[in-house]
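Notes for the one structure printed next.
Read the figures in this text as sums done on the coordinates, not as results from a lab. Just so it is clear, the structure is predicted and the values come from calculations on it, not from any experiment. Counting neighbours? That spans all protein chains shown, and the Cβs are built from the backbone with ideal geometry, glycine included.
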Amino acid sequence: MNRTKYTQWFFIGPHMLLFLVFILVPSIYGVYASFTRWNLVSSPQWVGLDNYKTILFNQDSSFYHEFFNGLKNTLIFVGISVPLMVIIPLLIAVAIEHKDVKFKNFFQSIVYIPGLISISAAALIWSLIFNTQLGIVSNLFGSEFAWSATQPYAWIIIFVITVWGGTGGNMIIYRASISNVSKDLYESAEIDGAGPIQKFFHITLPSIRFPLIYTVVMTTAGAFNVFGQPLMMTDGGPRESTTVLMMYIRNLAFSHGESIAGIASAMAVLLGMIILVISACQYYVMNRNAA
Amino acid sequence: MKTAKVSKYLAYLFLITVSAIWIIPMIFGIATSFRSQAEVVNVGFRLLPVNWIVDNYMAILDNTSTAPILRWIWNSIFIATTHTLLVIVVISITGYGYSRMNFKGRDVLFFTLLGISFFPNVVNIIPSYRIIDILGWVNTPWAMIVPGLAGMGNIFLVRQFMKGIPIELDESARVDGASNFRIYFSVILPLIKPVLIVAGLFSFIGSWNDFLWPVIVYTDVQKMPVTAGLLLLQDIYGNYRLIGQLMGSAILAIIPTMLLFLFAQKYFVSAINLNSGIKG
Amino acid sequence: MKKRVGIFLGSLVVLFLLAGCGDDENVIQFWTPLTGEDGAYMDQLVSDYNDTDPEFPVNHVITSDMYTQIYTVLNSGSGIPDLTLIHADRVPSFVKNNLLVSMDTVMETQPELKADNYIAEAWNAGIVDDVQYTIPLDIHGSAMYYNKDLLEKYGVTHWLDDDVVTFDEMLELEGKLDEGQYVLNDALIGWVALAQLQNFGGDIEGANGEPTVNTPEMRQVIEALRELNEAGLMTPYGEDGYLMFQSGDVIFSTDGTWSSTAHAEVESLNFGVTNIYSPSADVFHNRSSAHLFSMLKSEERTDEKEQGIADFLEFIRQNSIEWAKAGQIVASRDIIESPDYDQFIQSFFTRDEKQEASLYIYTYEHYPYVAEAVDNYIPDVVHGEIEIDDALNEMQRFVDDRVAEGDTELEEAAEAVE
């Protein structure tokens, strides 16, 4: 039966074609570029592993410094923003789904709508709010310094805008998932004398495991690619302490001077490998749980 | 039921606090769109304007040559809607292929593609642009609509969700003589509706908010989506100096997505049930 | 219902496809990075030109990320614009990479497109190895705005008498300022530092063409700027000093010529413009850039079209008074010498030869890297966030590494020897 043998292509073929054209070919080019010296204009020159050697081992090179500083800052961002972007939406979802709470869609809308506004407008709103002269935050906290230029406050304003704009999506998924947990489970737990906290940990969390892990994976991958928020809120400062890796990569490739696309590509490939390893671990957990 | 009462008040307290924190910046942003530049820089923090002015909005709507914002919003609606519909078609079909079809190397192939898709596409825009150019899609909505269909994240979600649907359902349909396509269409598709809605929602917002790629593939100001267009409002050194006007444009730009959300949200809770497809 | 949606989407598709057509071979595709208000002024100029019914009308395309877009179209070889407005600092590397066509044909077609008719600094920014690659539109750069009311309040209007405010003059106000008020902000401080480097007699290019950032002169510049900050005269680190100037709490704002239009929007602000401050009134510079018309290499551009471009550039030369509204220093002598131009605040910078000579454009090949290093490090080091020695070393390393990486020619030579 030749027909059944090839029916899978009906299902995976169209996407495969799209994947080849729009992801595989450009990615191969990107990886190839990481082994070259290239200014985006003249043809790339093969340099083997030189770019990787410079980035990873040449401690005198500014590229080495930029890569590791960028990686450190990216990991700080991922390490703090991902838990925030899971825990805060989860708490809000739990509160909204409290059985006696009314105006559920009203609360949901208020939290969700800021995520729709463009990043540049959001950054402008928050910079005005954090502005020492014009803003409210410094009056509230009585601080005399500019938050964007003082650590750890520079990170804090980045997390504030990230959470403000990014909570809504995960919150909706959690809320829907929680509302679909069988009520019988809660009732039988109440009969057993379980309090709200036990119910949350023993019934809610295990029941929404799949959406939880899915959002963790997607939020993590997104956090590794961050650059809009630090770029607009702190411009990477003070002293490059909030310059994330994607900012260095983009600067190397597309700044005012001649492009240094080979090094930029190598950094992007390294970042991709890190995301790959971390996501693989997360997927492994997810797969095991879902099976 | 004393604890229930306490927890209810705690929930309200928490939600009202959160709502206040979330909404104040929005109100401030909206209010700023009704302020003059002089007021923005001179009056200390005030939630509402001293003098309400609509000049910012007049200026925005007046400019239909270099910044036709209504046109941009319309372009974005077309792009995001078409993209979302196609995403739903592609991921459901492909997800079926990777979870229900049995062929050699299926999972290896799937995870290889997934791994490749993780690499950040920074310098890849050069070859990507070239492909779009060869296809003749520069300055057309297809440049925004089609490449995103190749993504793997949503297919993973769908595949994972389908794995939770009992295979017995397929088999009984197969016994009745149903083809693979029939099983996909009549058995699986209705069951994966929740996950398709989630993927659709995120695809829509993702497509609406993308601003790096459209800047490259559009040179025609009349054809741009709104996020790329808003970048044209900054000054030549990348700063937004007319603060009220930028706010006004950003507010106008979120109205369609906001309406969509307000309209659709009552369906979310019943439609998005990611738990059910999964065997415990 | 479904069918109707299908028809609706289908007709949309057709609509968009149709809209994609209509590229006319006789249209000059003209790309600029002029976002914001500037784009509207250029649009006006272009549309005035098209009203003259030229053989080759111009289509003005504004892109918010023009250089990335240029790289992508050059790589794909189609859609290359006929005429492009680029910044002066791009010229050396574009020429080195053989991306630009000389303006010879254009200059032959319109003989008035010549050095004598433009500000020298703007014209010369387009010359590499005696070949003219660009025709200038404007010079734009650092300018120092002053708040007239604050100058009077502190009784220091005489600082402006010689048109140069010095470091020493500003230091007189140490400890005499009201709370929350400052003498100057740190807007575009990287550009200020590059102007000071000229004032202190330094340069960024060594005798053998190598980049020199870690120099005694650069150290002097940093120390002098630091002194202003340590005396409490400069707006604090991370504050939006530009907005603080607009709110009337800062005497001097060192931002750009183009900002005058935005400052004018603030009715309460009573301001004027002068030179960037300097160590002495005798030597002063305003670090500048220029918008230059250029033609990227393209097989599709015919000689006839180049002549069409020449006609357009000649029109611009005669009519770019419109461009002065954007706050820029127009490069065409006809314009700046016309009485109408005097109403514009930036006419200050071209009112005599000494002023004109203060406009300084860096034309060193690796200037963009140096500027990037300066922009990255100067705010930190001036505000005392990093030691001067470390900053100088790191800036030098930053530039050296980038230069070495971009030096493909050296590599090719080395390979040839092997």
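Protection proxy ranking, highest mean first, for peptides B:201-210, A:242-251, B:99-108: A:242-251, B:201-210, B:99-108, where packing is the per-residue count of other beta-carbon atoms within 10 Å, averaged. As a proxy for reagent exposure, C:LEU194, B:LEU231 were ordered by neighbouring Cβ count within 10 angstrom, fewest first; the result is B:LEU231, C:LEU194. For chain A, complete DSSP H runs whose alpha carbons reach 18 Å or more along their own long axis and whose mean Kyte-Doolittle score is 0.5 or higher are A:62-96, A:153-179, A:209-224, A:261-290. Here is the list for segment C:102-179: GluC sites (Glu not before Pro) lying in DSSP coil, each with at most 15 other C-beta atoms within 10 angstrom of its C-beta, are C:GLU112, C:GLU172, C:GLU174, C:GLU179. Along segment C:246-263 the Karplus relation, 6.51 cos²θ - 1.76 cosθ + 1.60 evaluated at θ = phi - 60°, assigns HN-Hα couplings of 5, 7, x, 10, 10, 6, 10, 10, 9, 10, x, 3, 6, 6, 4, 5, 5, 4 Hz to successive residues, with x for each Gly and Pro. Here the contact order of segment C:40-133, divided by its residue count and restricted to Cα pairs under 8 Å and six or more residues apart, works out to 20 percent. Each of B:VAL217, A:VAL101 has some number of other Cβ atoms within 10 Å of its Cβ, and from fewest to most they run A:VAL101, B:VAL217.
Note that chain C shows a convex hull volume over its alpha carbon atoms of 213 Å³ per residue. Annotation: for a label point projected 7 angstrom from Cα along Cα→Cβ of B:PHE181, residues of segment B:58-98 with backbone N closer than 20 Å are B:86-98.
The angle separating the long axis of helix C:37-51 from the principal Cα axis of greatest extent in chain C is about 40 degrees.
When the chymotrypsin sites (Phe, Trp or Tyr not before Pro) in segment C:312-366 are filtered for DSSP coil states and for at most 14 other beta-carbon atoms within 10 Å of their beta-carbon, no site remains.
Can you list residues from other chains, or at least 5 along the same chain, whose modelled amide H is less than 5 Å from the amide H of C:LEU359? The list, which skips near neighbours in sequence, is C:ASN286.
Between B:PHE156, B:PHE45, B:PHE185, the GNM of chain B built on Cα springs shorter than 10 angstrom shows B:PHE45 fluctuating the most. Residues whose amide H falls under 5 Å from that of C:LEU100, counting only those 5 or more places apart or on a different chain, are C:LYS297, with hydrogens built in the peptide plane.
Taking every residue in B:192-198 and counting other chain Cβ atoms within 10 Å of its Cβ, the average works out to 2. A simple rule links phi to the HN-Hα coupling: the Karplus curve 6.51 cos²θ - 1.76 cosθ + 1.60 with θ = phi - 60°, which for segment B:92-104 gives 6, 5, 5, x, 4, x, 7, 10, 10, 7, 9, 8, 5 Hz, with x for Gly and Pro.
With a 10 Å cut-off around each Cβ of B:246-254, the average count of Cβ atoms from other chains is 4. In chain C, the longest principal axis of the Cα atoms and the axis of helix C:408-417 are about 70 degrees apart. Short-range pairs are left out: with C-alpha atoms under 8 Å and at least six residues apart, the relative contact order of chain A is 29 percent. For B:LYS5, give me every one of the lysines with a C-alpha distance below 20 angstrom, ignoring sequence neighbours fewer than eight places off in its own chain. Qualifying lysines at Cα under 20 Å: A:LYS99, A:LYS102, A:LYS104, A:LYS183, A:LYS199.
Note that segment C:128-137 has calculated 3J(HN,Hα) couplings of 10, 6, 6, 9, 8, 9, 9, 10, x, 9 Hz, one per residue in order, obtained from phi through the Karplus relation 6.51 cos²θ - 1.76 cosθ + 1.60 (θ = phi - 60°); glycine and proline are x.
Residues whose amide H lies under 5 Å from that of C:ASP138, counting only those 5 or more places away or on a different chain, are C:HIS291, C:ALA331; hydrogens are built 1.01 Å from N in the peptide plane. Spin-label model, C:GLU25 to B:LEU10: label points 7 Å out along the Cα-to-beta-carbon direction sit 7.7 nm apart.
Would you work out the relative contact order for chain C, in percent, from Cα pairs under 8 angstrom that are 6 or more residues apart?
25
Per residue of peptide A:165-172, the mean number of Cβ atoms on other chains within 10 Å of the residue Cβ is 3.
Starting from the Cα of C:LYS114, draw a straight line to each of the lysines and keep only those under 30 Å, dropping any in the same chain fewer than 8 residues away. Correct list for C:LYS114: C:LYS96, C:LYS297, C:LYS305, C:LYS325, C:LYS354.
When each of the peptides B:19-28, B:245-254 is scored by the mean number of other C-beta atoms lying within 10 Å of its residues, the order from highest to lowest reads B:245-254, B:19-28. Think of it as helices only: each DSSP H run of n ≥ 4 in chain A is worth -39500 (n - 2.57), and spread over all residues that comes to -22000 deg cm²/dmol at 222 nm. Mind pulling the angle between the C-alpha long axis of helix B:125-134 and the longest principal axis of chain B? Nearest 10 degrees, somewhere in 0 to 90. The answer is roughly 80 degrees. In this rough spin-label picture, where each label sits 7 Å from Cα along the Cβ direction, the A:ASP60-A:LEU140 distance is 5.0 nm.
Among beta bridges from DSSP that stay inside the protein assembly as shown, the antiparallel ones total about 65%.
Pick out, in residue order, every one of the trypsin sites (Lys or Arg not before Pro) in segment A:97-196 that is DSSP loop and has at most 16 other C-beta atoms within 10 Å; say none if there are none.
When the trypsin sites (Lys or Arg not before Pro) of segment A:97-196 are filtered for loop state and at most 16 Cβ neighbours within 10 Å, A:LYS99, A:LYS102 remain.
How would you classify chain A from its alpha-carbon gyration tensor, with a ≥ b ≥ c the square roots of the eigenvalues: rounded for a/c under 1.5, else prolate if a/b is greater than b/c, otherwise oblate? Oblate, since a/c reaches 1.5 and b/c is not below a/b.
According to the Cα-based calculation, Rg over Rh for segment B:63-271 is 1.05, with Rh computed by the Kirkwood formula. Here the residues C:ASP104, C:ASP51, C:ASP255, C:ASP401, ranked from fewest to most Cβ neighbours within 10 Å of their Cβ, fall in the order C:ASP51, C:ASP104, C:ASP401, C:ASP255. Shape class for the protein assembly as shown: prolate, because the ratio a/c of the largest to smallest gyration tensor axis (alpha-carbon atoms, square roots of eigenvalues) is 1.5 or more and a/b beats b/c.
With just the Cα atoms defining each centre, how far is segment C:340-376 from segment B:9-52? Give it in Å. Each part's Cα centre sits 41 Å from the other's.
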